[in-house]
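Notes follow once the structure below has been shown.
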Amino acid sequence: MVTVTDVKQYHFCKAIPWINYVVGYREPRTFSMEEGGKVSHEVAVKALGLKEPIRYEVCLSYNGLYGCVDVLSGDKDFVVVEDKAYKRRDFSHFRYQLLAYAYLVRKRLGRVERAVLFMGGKKALEVEPTEEHYSYIEGVVRKIEGVINSDRPPPVNREKCDFCQYRRVCPVSVYS
């Protein structure tokens, strides 16, 4: 089963899911991962003015995709929140993580009114997910399944190799 983290990593570099599943290597826990585990989602809930009921760490699966939403607000129309401890300059891959969570909520629970990326104590991105977004996520899940079932790694975006935790084990990075 593909995880929402795989979707995020695929958008950073298509080789990362292949390395995780085929090579069996997992990124060591970083400082930001450790700190992220300590984040109180209450700050996001208050800052965003979310409505009850509020649920935390809601785990869902659908059609080969699995993930746990940090914060879920509402009972019919939902607000999905991905809460990151630190702000980053480039967070485009988190957009796809957010859309993947919205996809799971839509398919399992109901309409997603909005999806919010909360980083470093502030709203960084807000999206009103559409059916086009959901179709895109379904396509990405199929592509990731193809990648992890292949004997060969996909091409990489070599510009990102300098910042990648996988560069030492990646067979197609500029460091290989």
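Here, each number is a calculation from the coordinates, and none is a lab measurement. For clarity, every value in this text was computed on a predicted model and none was experimentally measured. FYI the Cβ positions are ideal-geometry reconstructions off the backbone, even for glycines, and counts take in every protein chain you see.
Within the range 143-170, which residues are within 21 Å of residue 66 (Cα to Cα) and free of Cβ contacts under 8 Å to residues at least 24 places away in the same chain? Don't jump to the end; show me each part of the working.
Of the range 143-170, the ones within 21 Å of residue 66 (Cα to Cα) are 143-150.
Within the range 143-170, 146, 149 qualify.
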- [ ] Please work out which residue is surrounded by the fewest Cβ atoms within 10 Å (Cβ to Cβ), limiting yourself to the range 93-142 and to residues that are in a helix (DSSP H, G or I) and of a type in the set (Val, Ile, Thr).
- [x] 140
Task: Filtered residues of the range 64-80 (kept if part of a strand (DSSP E or B), touching a residue at least 60 places away in the same chain (Cβ under 8 Å) and in contact with a helix residue (DSSP H, G or I) (Cβ under 6 Å, 6 or more places away or on another chain)) - done: 65, 67
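Here is a check on your reading of the model: is residue 118 more than 24 Å from residue 1 (Cα to Cα), touching a Lys or Arg at 6+ places or on another chain (Cβ under 9 Å), touching a residue at least 40 places away in the same chain (Cβ under 8 Å) and not hydroxyl-bearing (Ser, Thr, Tyr)? Don't jump to the end; show me each part of the working.
Numbers: more than 24 Å from residue 1 (Cα to Cα): yes; touching a Lys or Arg at 6+ places or on another chain (Cβ under 9 Å): yes; touching a residue at least 40 places away in the same chain (Cβ under 8 Å): yes; not hydroxyl-bearing (Ser, Thr, Tyr): yes.
Yes.
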Task: Unmet criterion (only one of (1) in a helix (DSSP H, G or I); (2) in contact (Cβ under 8 Å) with a residue 60 or more places away in the chain) for residue 61 - done: (1)
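Just to be sure, is residue 66 aromatic (Phe, Trp, Tyr) and touching a Lys or Arg at 6+ places or on another chain (Cβ under 7 Å)?
On the way: aromatic (Phe, Trp, Tyr): yes; touching a Lys or Arg at 6+ places or on another chain (Cβ under 7 Å): no.
In short, no.
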Open item on the list: Suppose we filter 90, 83, 151, 162 for residues that are farther than 15 Å from residue 11 by Cα, part of a loop (DSSP other than H, G, I, E, B) and of a type outside the set (S, T, N, Q); which single one remains?
Closed with: 151
